[in-house]
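So the structure is just underneath, and the comments pick up after that.
The values are calculated or read from the model by the stated rules, or taken from the named source; none is laboratory data. The structure presented is a predicted model; accordingly, all values stated were derived computationally and were not measured. Methodologically, a virtual Cβ is constructed for each residue, glycine included, from the backbone with ideal geometry; neighbour enumeration extends over all protein chains shown. These accessible areas exclude ligands, DNA and RNA; they are computed on the full protein's heavy atoms, side chains included. Shrake-Rupley method; radii C 1.70, N 1.55, O 1.52, S 1.80 Å.
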Amino acid sequence: MASEGTASAAPDGFDRRIVTVLFADVVGFTPLSERFDAEDMATVQDAYFSATRETILRYGGVVEKFIGDAAMAVFGAPIARDDDAERAVRAGLALIGAIEQIGARLALEPGDLQLRVGVNTGDVVHATMGPDAGRVTGDTVNTAARLQTAARPGSVLLGELTAMTVAETIETRAVGPLELKGKAAPIRTWQAIGARAQPSRDAALGALRGPMLGRARELGQLLESIARIGRDRGVDRCLIVAPPGVGKSRLLLEFGSATTARVLRARVRPQGTAPYEMVAQLFTAAGGDLAQALETAGIPAARREVILREVQRLFEASTVAARAGSDLAAERDARFDAWIAAFEALSDGPVAWLVEDVHWAGGDLLAFLQHAGTASSRAGRLVVTSTRPGLLETAAAWCEASGMRIDLGPLDSSDVRSLVRGLLGDALPDELIDAIADRSDGTPLFIEELLRTWVGVGTLVHEGEEWRLAMKPQGVTLPQTVQAIYAAQLDDLPREARQIARRGSVAGRRLPQAAFEPLELGAPGEGLEALRRRELLAGPMDDPITGASYVYRHALLRDAAYVSLARVERARLHVAMAAWLERVAGDRVDSVAEAIAEHHALALESRPALADSALPPAASLSEAAAGWYERAAEAALRLSAIDASRRLFARSITLTADDAAVDRARRRLRLGQTLAASSDLDLGIAELEAARESLKGGGSQRAVRGRHVLPRTGVHAADSISGGSRGQ
């Protein structure tokens, strides 16, 4: 293969060398142009050209030119490396994935935007100076172009020398001799299937983790707080605020490792979980025999029974209906007291609760965390929560009452340099580190993920105990955002691993292994192992309902995978996940009712207007989502989750069809009862009267009959509450 010595003598201004040439061309661009406006097509072209440049540069190639919708790139000129052919093939495979992402991002139908790639290795004449500097000429170039033309859409076709050179690192399949235009004899060709598993490189990528820098003061504040609480046996709260990627999780990890107090960890999930699922996580982390702990703590038998029942309800869906006229706020406070009593019984010393991502928390969970940060403790309790800045606006009063607040800012330039040196030693020159510091804006996540990408594509090589930069610093590319880095990491994955990462994102940040079937992923295999080695997915970890599950390393990684899916594929997989969740949950389905509703709602949101008949009609998806939101609201009421039940009933009403008067009235009735029972009496009365009015004689026959279908107590409630209000 090519090396630094492959160039040979040629006339002045030229040299001869062995290079690998890549040709890529968009399939079906002309039909697309007929369907879309010229401005839309310009957007498609710009995205394609940008993705092509970025991908080629990432793999160390040079974009020689664009010819209409085709792109030509060269690997091995002006600098040759031993793995030029492998880099070119990997770039071709990554381009296929990048074009899929562009199609999904622009809401094109699957197959609308596809790429054909041809890669060929051989001898060329390379212009080294003058106006044509960088141009390569020869039969190698022509053959690469012909291979591209012969490739199937969405595939990478290789010439013989390329296939032989990359056999150890790229999985290929023989296509056979092809007659290519302009060639005197048939050409032997192979299709690139994907990169072979390279455990050593994947392990190096996964192990890339630097020291925590620039957070000594903040860590000291947390350690001082827990020490004070241990001495005073008091209670306190702390709120950590920072944008994604600045280091909230890392600070909590370091604090948890440094403190001698007991640590209970939990994370608020965004994807339709039960309102107090995070509280259940804390109890799981606490462990222990609660019944025995309560008895040892000297709690009377009657009170022990209440506490045990309230904790059990977090894990097993209750079938006891919420009382329409009950004081929901008082019930919720009593429930909170029972949970705190349980945590106290399970604690034999000061304890720190580390709760991440509270920007996803609803009002009920925030209320519990506030309660936990003020309720007395016999041994001491520190409630540490982390959030993105948005919560400062959406829950300003809660944030103001959160005790100590730590705002994490970006790292300064000196800390960025120390972080890079801590990760890579002396592998990078100062000017490249300065460029990283400037582009990253001091965000540790950007720096770590950028370096992971360079490891993944071979720009950084781990040899023995040291890292080495495998190309000239001026040839290294710097993406604009961490989202772009994650998109590149997905493109660079072997095909099976990329499919798991992308389709698995439909499940949320947590991917159950048992959901591989509904997500059309087949049995877990090498693709899953590659994701684990690279630490793109962590696990398995147990989930009480869905079993062994894997977690995306960062929420932004999961989001990048999700947006790379075409809308019709997202919709289909959301429908499949909803059906699977309903089946696997069994008699605990109420615990995941909101998640099922979310899957139906997201399928509706993703469903293209002209979707194929394989997808349920929009009306069916809307009806299913509304029904499951209503069921989730009732389940929330049974736990006195006031905020969640209001939100879920309102969501259900919004998705109720105009002609479903009975369903709409029932849902408005339940929302009105909930509002009235939680101190919002005027809003409750308005909803109750709206429910009654919708069933009066002016409606459809179905609506008229519906008045007799609704629970009598509900209709009477509407009459008595609204009437009583008017009489006051």
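Taking the stated definitions as given, is Glu569 under 16 Å from the mean Cα position of the chain (by Cα) and at pLDDT below 90?
no
Of the conditions (1) of a type outside the set (S, T, N, Q); (2) in contact (Cβ under 8 Å) with a residue 60 or more places away in the chain; (3) under 30 Å from Gln483 (Cα atoms), Ala73 clears all except one; give me its number.
So the condition that Ala73 fails would be (2).
Specify the residue that is farthest from Trp360 (Cα to Cα); the eligible residues are those in segment 380-402 that are of a type outside the set (Lys, Arg), touching a Pro at 6+ places or on another chain (Cβ under 9 Å) and buried (at least 17 other Cβ atoms within 10 Å of the Cβ).
The qualifying residue farthest from Trp360 (Cα to Cα) is Gly380.
So in segment 403-432, with the set limited to residues that are under 28 Å from the mean Cα position of the chain (by Cα) and small (Gly, Ala, Ser), which one is least open to solvent (accessible area, probe 1.4 Å)?
Gly409
Would you pick out the residues in segment 261-319 that are within 30 Å of Leu602 (Cα to Cα) and among the aliphatic types (A, V, I, L, M)?
Within segment 261-319, Ala266, Val268, Ala274, Met278, Val279, Ala280, Leu282, Leu314, Ala317 meet the criteria.
With the condition kept exactly as written, say whether any residue in segment 14-30 is modelled with pLDDT under 80, open to solvent by less than 20 Å² (accessible area, probe 1.4 Å) and touching a Ser or Thr at 6+ places or on another chain (Cβ under 9 Å).
no
Go through segment 671-688 and count every residue that is buried (at least 19 other Cβ atoms within 10 Å of the Cβ) and either modelled with pLDDT under 70 or not in a loop (DSSP other than H, G, I, E, B) (or both).
10
Do we find that Ala285 is under 30 Å from Val592 (Cα atoms), touching a Ser or Thr at 6+ places or on another chain (Cβ under 6 Å) and modelled with pLDDT under 95 in this structure?
For Ala285, the condition - under 30 Å from Val592 (Cα atoms), touching a Ser or Thr at 6+ places or on another chain (Cβ under 6 Å) and modelled with pLDDT under 95 - is not met.
Restricting to segment 652-668, count the residues that are open to solvent by 50 Å² or more (accessible area, probe 1.4 Å) and either β-branched (Val, Ile, Thr) or out of contact with any helix residue (DSSP H, G or I) (no Cβ under 9 Å at 6 or more places or on another chain) (or both).
Qualifying residue count, segment 652-668: 1.
Looking at segment 92-110, is at least one residue over 30 Å from the mean Cα position of the chain (by Cα) and at pLDDT 85 or above?
No, that holds for no residue.
Check Ala329, Ala435, Ala345, Ala341 and return the single one that is open to solvent by 10 Å² or more (accessible area, probe 1.4 Å), touching a residue at least 40 places away in the same chain (Cβ under 8 Å), over 31 Å from the mean Cα position of the chain (by Cα) and more than 29 Å from Asp587 (Cα to Cα).
Unique residue meeting the criteria: Ala345.
Can you tell me which residue among Ala242, Ala258, Ala293 is of a type outside the set (Asp, Glu), more than 23 Å from Ala367 (Cβ to Cβ) and surrounded by fewer than 16 Cβ atoms within 10 Å (Cβ to Cβ)?
Only one candidate qualifies: Ala258.
So, Ala571, is that one surrounded by 19 or more Cβ atoms within 10 Å (Cβ to Cβ) and of a type in the set (A, V, I, L, M, F, W, C) or not?
Yes: the conditions hold for Ala571.
Give me the strands (runs of 3 or more DSSP E) completely within segment 46-147, filtered to those with at least 3 residues that are of a type outside the set (Val, Ile, Thr) and open to solvent by less than 10 Å² (accessible area, probe 1.4 Å), ordered by residue number.
Qualifying strands (runs of 3 or more DSSP E): 70-75, 114-127.
Does Arg588 count as open to solvent by 20 Å² or more (accessible area, probe 1.4 Å), within 25 Å of Pro244 (Cβ to Cβ), modelled with pLDDT under 90 and of a type in the set (Lys, Arg)?
Against the criterion (open to solvent by 20 Å² or more (accessible area, probe 1.4 Å), within 25 Å of Pro244 (Cβ to Cβ), modelled with pLDDT under 90 and of a type in the set (Lys, Arg)), Arg588 does not qualify.
Considering Arg250, Arg231, Arg267, Arg217, which residue is open to solvent by 40 Å² or more (accessible area, probe 1.4 Å), under 30 Å from Tyr629 (Cβ atoms) and at pLDDT 90 or above?
After applying the criteria, what remains is Arg267.
Report, by residue number, each residue of segment 448-490 that is of a type outside the set (Ser, Thr, Tyr), out of contact with any Asp or Glu (no Cβ under 7 Å at 6 or more places or on another chain) and open to solvent by less than 10 Å² (accessible area, probe 1.4 Å).
Within segment 448-490, Glu449, Leu450, Leu451, Arg452, Trp454, Val455, Leu460, Ala488, Leu490 qualify.
Starting from segment 452-472, take each residue that is farther than 15 Å from Arg90 by Cα and list its partners that are part of a loop (DSSP other than H, G, I, E, B) and β-branched (Val, Ile, Thr), counting only C-beta distances under 8 angstrom and pairs at least six apart or across chains.
Leu469/Thr459; Leu469/Val476; Ala470/Thr459; Met471/Ile79; Met471/Thr459; Lys472/Ile79
Here are the criteria: (1) modelled with pLDDT under 90; (2) open to solvent by 50 Å² or more (accessible area, probe 1.4 Å); (3) not in a helix (DSSP H, G or I). Tell me which single one Ser318 does not satisfy.
Ser318 satisfies every listed condition except (2).
Return the pair list, or none, for Cβ contacts closer than 6 Å from residues in segment 214-231 that are farther than 18 Å from Gly349 by Cβ and without any contact (Cβ under 8 Å) to a residue 24 or more places away in the chain to residues that are part of a loop (DSSP other than H, G, I, E, B) and open to solvent by less than 40 Å² (accessible area, probe 1.4 Å), at least 6 apart or on different chains.
As it stands, the answer is none, since no pair meets every condition given.
Considering only segment 165-179, how many residues are open to solvent by 50 Å² or more (accessible area, probe 1.4 Å) and touching a Ser or Thr at 6+ places or on another chain (Cβ under 9 Å)?
4
Inside segment 505-550, can you point out the residues that are under 22 Å from Ser564 (Cα atoms), in a loop (DSSP other than H, G, I, E, B), modelled with pLDDT under 90 and charged (D, E, K, R)?
Residues satisfying the conditions are Arg534, Glu535.
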